[in-house]
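Undergrad: Got a structure for you, questions after.
Bear in mind these aren't lab numbers, they're just calculated from the coordinates by the rules spelled out. Computed from a predicted structure; not experimentally measured. Positions of Cβ are backbone-derived with ideal geometry, glycine not excepted, and every protein chain shown enters the neighbour counts.
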Amino acid sequence: MTRQILAGLLLLAGLALFVGLGTWQVQRLAWKQGVIAEIEAVIGAEPVALPAAPDPEADRYLPVRATGRFEARELFVLVSSRDLGAGFRIVTPFVTDEERRIMVDRGFVRTEARDAPRRSGAAEVIGNLHWPDDRTGATPENDVAGNWWYARDVEMMAAELGTEPVLLIAREATDPTILPMPVSTEAIPNRHLEYALTWFALAATWVVMTGFALWRIRRRTE
C-alpha cells in the first residue's frame, strides 16, 4: 500500500510539473506571437522621412523613404540563401538630398556577380532602418582590408565608409541585378509550440510509465 501511495504521489507531482511547463510554453507562444505581430505592423507601415538622429532601439524597423544618390563604393557581406545559394549583401554609401551620408543594404547578388557593375547615382530608397545582430559565436571576424564581411556591424561599416551609423535595408529593388532582402520577422526564434508539445508528450509518457509501475505493484500484492 505504501508503494502504491508513493507511486500515486509521484504520478501527480510529475504530471503537474510537465503540464505546468507545457502550459507556460503555450503562454510564451502567445506572448511571442504578439511581439512578432507588433514588429510586422511596424515593418509594414507607411514610410516616413529619415529621422534626424535615428535611435537603435526606438527606430528599429522604422519604414523610411529617402532620396539622394548612391556612391560607387560597396561592402560585401557574405550570406547564404536557402533558395539562392551563397552570395553577398551589397552595402553602399547613400548621400541624401540633405547631404547626410548613410548606408543602404541593397540586397543579394550571387557569388559570381560580386564584381559586376551596378547602378549608382540618383535614386529613391524605400526600406527599414535596422541594427542587425548577425554575429554568433561561430562568426569569423570581418576582413575589412579584404572587403569580406561576415556580419553587418553597423558601427564598423559606418567607420569604413565614412557614414552615419545608420543602415537602411531596401525593400524594393534599387538595381535590376540586385535582389532585395527586406527586413522580416523570419529570423526571430519562436519554438515555444515545439517546447510545449515536448512537455505535454513527457506528461503523457510519465502517466503511462507511472501507471504501469502502479499496475505491477498491485499485481505483486495480489
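Undergrad: Separation between the Val207 and Ala52 pseudo-spin-labels, each 7 Å from Cα along Cα→Cβ, expressed in nm?
TA: Using points 7 Å along Cα→Cβ, the separation is 6.3 nm.
Undergrad: Given that just one value was derived from the coordinates, which of [x] 1.15; [y] 0.94; [z] 1.54 is Cα Rg over 2.2 N^0.38 Å?
TA: Checked against the structure: label [z].
Undergrad: What is the distance in Å between the Cα centroid of the range 25-64 and that of the range 116-130?
TA: A separation of 22 Å, based on Cα centres.
Undergrad: In degrees from 0 to 90, rounded to the nearest 10, what is the angle of the helix 192-221 Cα long axis to the longest principal axis of the chain?
TA: 10
Undergrad: Still on this structure, please answer the following. For the chain, what is the charge dipole size about the Cα centre, in debye to the nearest 20, if Lys and Arg each add +1 at the Cβ and Asp and Glu each add -1 at the Cβ?
TA: With Lys and Arg at +1 and Asp and Glu at -1, about 1700 debye.
Undergrad: Same structure, new question: Helix-derived [θ] at 222 nm for the chain: sum -39500 (n - 2.57) over DSSP H runs of at least 4, divide by residue count, nearest 500?
TA: -13000 deg cm²/dmol
Undergrad: Next question, about the same structure. Determine ³J(HN,Hα), in whole Hz, for all residues of the range 125-133 in sequence, where each value follows from phi through the Karplus function 6.51 cos²θ - 1.76 cosθ + 1.60 and θ = phi - 60°; x replaces Gly and Pro.
TA: 10, 10, x, 10, 5, 7, 10, x, 10
Undergrad: Return the single residue from Pro176, Pro132, Pro54 with maximal mean-square fluctuation; model: Gaussian network over the chain, springs between Cα atoms under 10 Å.
TA: Pro176
Undergrad: What do you get for the angle between helix 2-43 and the principal long axis of the chain? Use alpha-carbon atoms, 0 to 90 degrees, nearest ten.
TA: 20
Undergrad: Related question: Rounded to the nearest 5, what is the percent of antiparallel bridges among the DSSP beta bridges in the range 62-170?
TA: Counting only bridges with both partners in the range 62-170, antiparallel ones make up about 90 percent.
Undergrad: Here's something else I'd like to know. Out of the DSSP beta bridges found with both residues in the chain, what percent are antiparallel (nearest 5)?
TA: Rounded to the nearest five, the antiparallel share is 85 percent.
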